[in-house]
Every structure is written in C-alpha cells, then in structure tokens.
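Asker: Quick one: the structure is below, and I'll ask about it shortly.
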C-alpha cells in the first residue's frame, strides 16, 4: 500500500516538474497583466505566451503539450476579457505551425531561431488581426497588433534564454531530439 | 535511437507521441473554435464562468499589483527627479491660476444656486461611489479592459460608470463578488452617448482600439470645433449627465482626445448610478406610431439590480466628483 502511495506521489511530483514551462508561462502571463503602465501605455506588453509556445514547440513539445497551450490561451481569454476560445485558437494554431517547422528550426543558431520566431510572430499577428476582424465584423486597427509583435520579437532572446535555463533542468539536449 | 526513445521524458513522449500530439492539437482547435462560435452567437453566455474565474484569480492579481504599483511609483519618482525644477515652476503657475478660478467658481456656484431656486429647478441626484484599486490592466492591442478589486459585495453592477480624477474611464461589464471588469472607452465594444458642449450636439462615442475614440451618429451637416469639451449625457439612462470625457481632437475625422489618456490611475471610482436599462439587453426604440406596451407589462428590459449596501458609501454630486 505504502509503495503505491510512494509511486503516486513520485508520479505527481514528476508531472508538476514537467509542468514547469506551463506554470512559468502562467506566472509570466499574470505578471504581464500587472498595472505597470510602462511607457505611459503607448508600448504594449510583449506576448510572452506566444514566445513560450514557439520556444517549447521547437525545443521540447513534450513539456508544453497541446492541452497546456489550450490552458494558456483560455487563461488569457479569461484574464483579458477576450472572447472565450480566441487566444486558445490563435496559440494552438501558432503551436501547430511552429511544430511543423520544428525540424527546420531545431539546432539553428540563436539568430536563426530568432528569425523563426519573428516570422511566427508576424504571421500570428496577421492571423489575430483577421480572426479579430472577422469576430467583431469590423476592421481592427492593425498597428497596435503589429507593435505588440515587434515588442515580442525584441524581447524574445531574453525569454528564450530563461526557458533554455529551465529546459536544462528538464532534459538533456540528446533526449529532446 | 532506441535508447533515446526509452529515455525521453515529458507528457506525450511515447512512440505514439507524434500522432497523439497532432490529434490533440486538431481536437483542441475544434473545441476552441466551437467556444468562439458559441460566444459569438450567444453574447454573455460565458459571463458567469468569467466572473467566477476572475473572482478566483483576483487575490493573486491583487498581490501582483502591489509590487507593480510600488515599482511604478519608484520609476515615476526617478523620471520626475530630473524635471523637478520645471515641474515646481509649472505647479506654482497652475496654482496661482487655479486660485483665481476658485474664486470665480464660488461666485458662479452661488449664482447658479440662486437661479435654480428662482426657477424651482430640481437639483441633480446625489451619487454615491466606491473607490477601488486597479489590479490588472489587460490593455493589449485587441482588448481594452481593466480589473478592479471591488464587486457585487461592494454594490457594483453591470453598466455603472467608472471615473478617475481626470474624467470618465469606462463602464463595468462584468461584476463578480469581489472583482469587476471595466470596459475602457477605447475598447472596440465601447459605445457611449455624449454631448459636445458649446454646440449642444449629441453623438455616440465609439471605441476602435486606438487611443482616440470616434464620434458617430452626428446630425448630418453638423460642424464641430476642435477643442470642444465632451461630456456624458443621460440619454439611454446609462450614465449620469455631465461627466467629463474629453475634447474634440484636431484631426480631420471627428475623434475624441480623452482626458484620461493612455496612462492609467492606480485607483478608480465606480459611480453607483443605477442605469435605468441594461445596456446590452435594452429593447429597441419603438417606431413612430407604434403602440406602446401596457404599463407593467413585460418589456424585455431586466429589473434594476438590487443595490447592495456599500461598505463605505460617500455621497457627492457628480459635478463635484470631476474637475474635467
């Protein structure tokens, strides 16, 4: 009986350990919502969730599976007041797209991966714009969406460095291949 | 390679990981899409869930907001340190000007009171308010809302106007027990009836996710001057009259430069002015000549939400709430 309990606790601990990318991204999402109002509100906060989704899709999709991306999207929907399912749909699409390009991006230099994220961020921004305009049945201003994509691209190396550090605790490079 | 497969760690890292991963993405995309379609078809269907989730996360957001607020105060302090002399000069001049205005204002108030007495004008209803802290600022490129740490328990209800020390900020869209979401004037879904002072023109101020909302439904051929002050009207029974909103911007299209601007206040005031209609479910205006429904018959408009007892109610005339 005690053995089963030990196995159960170990299994649960391992699941929590593997959920580190999800938990860190959730914390970052909540922190990004803090009323800091940097730059007097003229510069948007970077899309940390998108950066996380891209990073883990390339460098360890087993640590941020589709359901975790769905949870992140749904949390963002609830937290920001966006239509339910909107960000979940956007992030899952970005995740699927990044995953399909994984073979191409994995093992590239920092600049190569950065360029990859830039492409994904711009494509996602356009997808967000089209999906948002369709949902609200009027053209949304594209400028703020692109501005957020630009801010996200700028801060991506910092986010990637943090997640690389986290990834070091979860797996070895050879196992992640 | 076989060694790698055995040793790989993670959630869906088995030999079928690739297939389950793609299937789960496809399945969840369908779930998200269905949720989106349902949300679009039945507006407000997820409001209950949203309120529950917001209430649950509000304590966390509140904890996060405190250091954020301190950091903001510190960064503001650092940036103002370099301009302290100019700021002091400016404030001295402004203070002198305001002292003069204060005397004029007192005289005008005395006169207005006297005229109102003579004309037997019914005075404006006094409005109570609740002060709340902004605990989350979801002002992304897509949605413009903020979360405050007061809810139904403090007497908040859907539709109430929210102001800060500069003017109108938005209105309550969902109110949980201890938290509420405020839809800012700049949000795509914001529609506010306003009055352009001077010309006495009425319009609807429509948010479009930019910092300057648009004035729509202006009477044909109407001319508005840049800089004209814009205030709320009681039309539609949503907002109390006379809350300062902004001024007409210099641009060619009729846009509004909001007094609240892009910088957000740490604290806001929610005016406990009970809207006479639910802004989202109000029945359409009857057509001219249409037969009016009988008194007391069901009109489709919901009853006013029960006003909860405020924790620390303060009674102030609306005009005194806002300097505008």
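Each value in this text was obtained by applying a stated rule to the coordinates, not by laboratory testing. No experiment lies behind these values; they were computed from the predicted model shown. Quick reminder, even Gly has a Cβ in these numbers, built from the backbone with ideal geometry, and neighbours come from all protein chains shown.
Asker: Hey, fewest Cβ within 10 Å first, where do A:59, A:169 land in order?
Answerer: Result, fewest neighbours first: A:169, A:59.
Asker: Which order results if A:152, A:19 are arranged by neighbouring Cβ count within 10 Å, fewest first?
Answerer: The most exposed by this proxy come first: A:19, A:152.
Asker: For chain A, modelled as a GNM with alpha-carbon contacts under 10 angstrom, which of A:67, A:87, A:11 fluctuates the most?
Answerer: A:11
Asker: Tell me the mean residue ellipticity at 222 nm calculated for chain A from its helices only (DSSP H runs of n ≥ 4, each -39500 (n - 2.57), averaged over every residue, nearest 500).
Answerer: Dividing the helical sum by the residues of chain A leaves -25000 deg cm²/dmol.
Asker: Also: Given the options A:15, A:148, A:62, state which has the largest fluctuation in a GNM of chain A using a 10 Å cut-off (strictly under) for Cα springs.
Answerer: Looking only at A:15, A:148, A:62, the biggest GNM fluctuation is shown by A:15.
Asker: Could you list B:191, B:92 in order of exposure, starting from the residue whose Cβ has the fewest other Cβ atoms within 10 Å?
Answerer: B:92, B:191
Asker: For residue B:85 and residue B:116, FRET efficiency with R0 = 56 Å and r from the beta-carbon atoms, rounded to 0.05?
Answerer: The computed FRET efficiency comes out at 0.80.
Asker: In addition: Tell me the angle of helix A:110-136 to the major Cα principal axis of chain A, expressed in degrees between 0 and 90 and rounded to the nearest ten.
Answerer: That works out to roughly 60 degrees.
Asker: Running a GNM on chain A with Cα contacts under 10 Å, which residue among A:91, A:135, A:18 ends up with the highest mean-square fluctuation?
Answerer: In this elastic network of chain A, the residue with the biggest mean-square fluctuation among A:91, A:135, A:18 is A:135.
Asker: Give me the percent relative contact order of region A:20-177, please, defined on Cα pairs under 8 angstrom at least 6 residues apart.
Answerer: 29
Asker: What is the Cα convex hull volume of chain A when expressed per residue in Å³?
Answerer: Normalising the Cα hull of chain A by residue number yields 133 Å³.
Asker: Could you tell me how many degrees, from 0 to 90 and to the nearest 10, lie between the Cα long axis of helix A:48-59 and the main elongation axis, the longest principal axis, of the Cα atoms of chain A?
Answerer: Its long axis makes an angle of about 50 degrees.
Asker: Still on this structure: Enter the angle in degrees (range 0 to 90, nearest 10) between the Cα long axis of helix A:86-100 and the first principal axis of the Cα atoms of chain A, meaning the one along which they spread out most.
Answerer: Tilt of helix A:86-100: around 70 degrees.
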